[in-house]
Amino acid sequence: MKFFIDTANLEDIKKAHDLGILDGVTTNPSLVAKEGIDFKERLKEITSLVSGSVSAEVIALEADAMIEEGKELAAVAPNVTVKVPMTVEGLKAVKVFKELGIETNVTLIFSSVQALLAARAGATYVSPFLGRVDDIGGNGLDLVEEIADIFATHDIDTQIIAASVRHPVHVTESAKRGADIATIPYKVIEQLAAHPLTDQGIEKFLADWEKVTNQKG
Ligand code: E4P
């Protein structure tokens, strides 16, 4: 499973990039709004730093307008993936983007049949929102597994991005249940790297080292 970062914050993207684990970036209108920046400028900055897929979401709701907006976003850099909401209009737009050779990420997926429709329309990626499914009493990880099973059964090569990831267990379980990618906030990436036994181990190694060094000195 690959790692994307889910943010429009350049500092967080740089920090994840420096770890050598970053395969791509996803943004959404809320994440962009939080930064209070010009989105196209930020998209240029992100795509010049990260060579993998960078998802940029359309705001339009009608297919024709989505297509125009998506073409403009895709023109920013060759690694821009146009993010399209999972609606009937969105599916129409995905079909056209596929014909134009523009990658798409169909977002706001909450059922496996939505994922199947998006894949059949030609989506490069589908993004089931785990955390938001959990928020309403569902099981986001079961959704990922169901999509992965259906895609495997029908030999579908659309990639599954586990999105709306809130904690490390979402990441481990997404990997086990067949997600191709998890898109993760930087805070959770840091949590993934941490383990109390690692910290204790380092402390003990240093304490033992110091004992010997002090004896010699
Ligand atoms: C994915 O592409 C979305 O940007 C994101 O994961 C949404 O997560 P949230 O439910 O934490 O807003």
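Where a number appears in this text, it was derived from the coordinates with a stated rule and is not lab data. Predicted model only: the values in this text are computed from it and were never measured. No Cβ is skipped: glycine too gets one built from the backbone with ideal geometry, and neighbour counts run over all protein chains shown.
Helix 39-49: angle to the longest alpha-carbon principal axis of the chain, degrees 0 to 90, nearest 10?
Roughly 50 degrees, rounded to the nearest 10.
Which order results if 154, 170 are arranged by neighbouring Cβ count within 10 Å, fewest first? Intermediate values should be presented prior to the final figure.
Values: 154 10, 170 23.
Final ranking by Cβ density, sparse to dense: 154, 170.
Which lysines, if any, have their Cα less than 19 Å from the Cα of residue 14, not counting same-chain residues under 8 positions apart?
Qualifying lysines at Cα under 19 Å: 2, 34, 40, 44, 187.
By a straight-distance test (C-alpha under 17 Å), which aspartates and glutamates pair with residue 71 as possible cross-link partners, with residues fewer than eight away in the same chain excluded?
Result set, ordered by chain and number: 41, 57, 62, 89, 99, 103.
Could you please rank 66, 86, placing first whichever residue has the fewest other Cβ atoms within 10 Å of its Cβ? Write out the running numbers ahead of the final one.
On the way: 66 25, 86 22.
With the fewest neighbours first, 66, 86 line up as 86, 66.
What is the stretch 154-217's relative contact order, in percent, from Cα pairs under 8 angstrom and six or more apart in sequence? Before the final figure, lay out each step's value.
Details: 40 pairs, mean separation 18.3, N = 64.
Taking the mean separation of contacting Cα pairs over the length of the stretch 154-217, I get 29 percent.
Evaluate the relative contact order of the stretch 57-176 (contact order divided by residue number), counting alpha-carbon pairs under 8 angstrom at least 6 apart; express in whole percent. Don't jump to the answer; show the numbers that get you there.
On the way: 194 pairs, mean separation 22.7, N = 120.
Here the relative contact order equals 19 percent.
Hey, what number do you get for the chain at 222 nm if only DSSP H runs of n ≥ 4 count, each worth -39500 (n - 2.57), divided across all residues, to the nearest 500? Don't skip to the end; give the middle numbers.
Numbers: 11 runs with 121 residues, N = 217.
Roughly -17000 deg cm²/dmol at 222 nm, from the helical runs in the chain.
Enter the Cα centre distance for the pair the stretch 156-217 and the stretch 73-124, rounded to the nearest angstrom.
If you average the Cα positions of each part, the centres end up 32 Å apart.
Where is the GNM fluctuation largest for the chain (alpha-carbon springs, 10 angstrom cutoff): 111, 55, 174?
Greatest mean-square fluctuation among the candidates belongs to 111.
If you take the beta carbon distance between residue 11 and residue 202 as r and set R0 to 30 Å, what does 1/(1 + (r/R0)^6) give as a FRET efficiency, to the nearest 0.05? Each step should come with its number before you reach the end.
Details: r = 26 Å, r/R0 = 0.87.
Rounded to the nearest 0.05, the efficiency is 0.70.
With axes computed from alpha carbons, what is the tilt in degrees of helix 63-74 against the longest principal axis of the chain, rounded to the nearest 10 within 0 to 90?
40 degrees
Using only the alpha-carbon atoms, how far is helix 88-100 inclined from the longest principal axis of the chain? Give it as 0 to 90 degrees, nearest 10.
80 degrees
For Cα pairs less than 8 Å apart in space and 6+ apart in sequence, what is the mean separation divided by the residue count of the stretch 2-216, i.e. the relative contact order in percent?
Details: 371 pairs, mean separation 34.4, N = 215.
Relative contact order here is 16 percent.
Counting Lys and Arg as +1 and Asp and Glu as -1, what is the net charge of the other residues whose Cβ lies under 12 Å from the Cβ of residue 145?
Numbers: positive: 176, 177; negative: 142, 146, 149, 173.
Summing Lys/Arg as +1 and Asp/Glu as -1 gives -2.
Taking the alpha-carbon distance from residue 176 and a cut-off under 15 Å, which aspartates and glutamates remain once sequence neighbours fewer than 8 residues away in the same chain are dropped?
142, 145, 146, 149
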